[in-house]
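Take a look at the structure set out below.
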Amino acid sequence: MTHQTTVAILGAGSMAEALIGGIAKTNGGKAPHITVLNANNRKRLNQLHAAYGVHAAQSYEEAVKGKDVIVLAIKPHNVQEVADSLVSLLDPQKQLVISVAAGIKLETLESWLLPADTAVIRAMPNTSARVLASATTLSIGTYATERQLAFAKTLFSSIGTVTVVDEQQMDAATGIAGSGPAYIYYVAEAMLNAAIAEGLSPTEARALINQTIGGAAKQLSNSSKSPKDLYKEIMSPNGTTEAAIAHLDHSSAQELFQQAIHQAVKRSAAIGASFERDPIHKHQ
């Protein structure tokens with residue numbers, strides 16, 4: 001991403017700020033080339049302007065006119081309403097719309113956005129974008145070009161890694177990577193509570209847990225071995241790790257965790273299906 005690239009972000013929630021913060025870190029901490037619009041919370045826009053130097057727009061026209069990329073960083077149930085507000089404002093010859101709304105399929109997005117040949121890419125970053133460590137998944141729409149896909153890859157590469165998948169794989173990617181940081185924080189919470197119960201102070205426990213999780217992630221990234229091979233290497237007969245893993249296996253913890261992820265994937269698919277059930281668009 002270059003300083004000349006202009007981006008409009010519609011929405012000012014946690015994902016929007018994660019994107020803004022990550023991009024700003026690659027530009028000296030500020031992002032004046034980003035315009036943000038949040039129709040319901042002017043105070044929030046002022047906070048983002050103060051923190052990152054973004055331009056706070058007051059209308060959809062001000063936000064999107066002349067911008068290279070429009071990012072829909074809003075809740076799924078608000079996407080169609082926002083799409084309606086963009087009618088006559090989009091230039092499909094020059095602009096790319098990227099949606100980070102979970103679950104909503106490319107076909108649905110394309111049917112909502114006018115002109116009808118608007119280029120759309122679906123993205124699923126995660127909140128690790130704040131520390132330039134997002135695992136972002138992209139899927140390309142009918143009218144988006146390979147050049148625009150390359151542009152989107154460059155944009156999201158500024159906040160982490162990018163993987164391009166077929167549309168059919170986006171729900172799985174959402175359940176794994178989109179929600180993934182929350183799973184790690186959930187495990188960290190369990191470790192923290194256990195550590196405190198065993199007599200460590202919260203400060204001591206957090207220092208140990210943060211380094212342990214970070215070190216394990218680094219080892220997993222740098223090794224060709226499977227996760228199972230790596231945790232088995234730590235286990236010694238009748239040792240501490242074996243005792244912990246045996247208890248988790250006895251409790252079917254891994255199966256429960258997999259079921260939880262399947263629930264996230266199913267929810268992503270259900271969100272998309274809920275919009276498909278009403279094929280009549282307001283513009284028709």
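The values are calculated or read from the model by the stated rules, or taken from the named source; none is laboratory data. In this text the structure is predicted, and so the values were computed from the model without any measurement. Using ideal geometry, Cβ is built from the backbone for each residue, glycine included, and neighbour counts are taken over all protein chains shown. Surface areas here come from the heavy atoms of the whole protein model, side chains and all, with no ligands, DNA or RNA. Shrake-Rupley method; radii C 1.70, N 1.55, O 1.52, S 1.80 Å.
Numbers at a glance
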item	result
Along each principal axis, Cα extent of segment 46-121, largest first, Å	37, 26, 18
Fraction of the pair-distance distribution of the chain above 28 Å, Cα-Cα pairs, percent	44 percent
Mean separation of Cα contacts under 8 Å, 6 or more apart, over the residue count of segment 1-70: relative contact order %	40 percent
Ratio Rg/Rh [Cα only; Rh per Kirkwood] for segment 96-182	0.96
Trypsin sites (Lys or Arg not before Pro), loop per DSSP, at most 16 other Cβ atoms within 10 Å - longest free stretch of the chain	95-224
Relative pair counts by distance (%), Cα atoms of segment 29-162, 5 Å bins	2, 10, 19, 23, 23, 16, 6, 0
D_trans [Stokes-Einstein, Kirkwood Rh over alpha-carbon pairs] for segment 78-121, 10 °C, 1.306 mPa s, µm² s⁻¹	152 µm²/s
Segment 8-100: proportion of alpha-carbon pairs further apart than 23 angstrom, %	16 percent
Max mean-square fluctuation residue, GNM over the chain, Cα-Cα springs under 10 Å, options 237, 125, 227	237
Accessible-area composition of segment 120-210, carbon plus sulfur, in percent [1.4 Å probe]	59 percent
Among 165, 154, 121 - extreme Cα towards positive end, dipole of segment 110-188, charges at beta-carbon	154
Accessible surface, the chain, averaged per residue in Å² (probe 1.4 Å)	55 Å²
Mean Cα-pair separation over length for segment 142-255, i.e. relative contact order, pairs under 8 Å, 6 or more apart, %	9 percent
Relative contact order computed over the chain (Cα-Cα under 8 Å; 6+ residues apart), in percent	15 percent
Sparse-neighbourhood loop sites, GluC sites (Glu not before Pro) in segment 185-242 - DSSP loop, at most 15 other Cβ within 10 angstrom	198
Diffusion constant of segment 166-241 at 20 °C, which comes from Stokes-Einstein with the Kirkwood Cα-pair radius and 1.002 mPa s, µm²/s	146 µm²/s
Choice from 118, 212, 174 showing the highest fluctuation, given a GNM over the chain with Cα pairs closer than 10 Å	212
Share of Cα-Cα pairs in segment 127-284 lying beyond 19 Å, as whole percent	70 percent
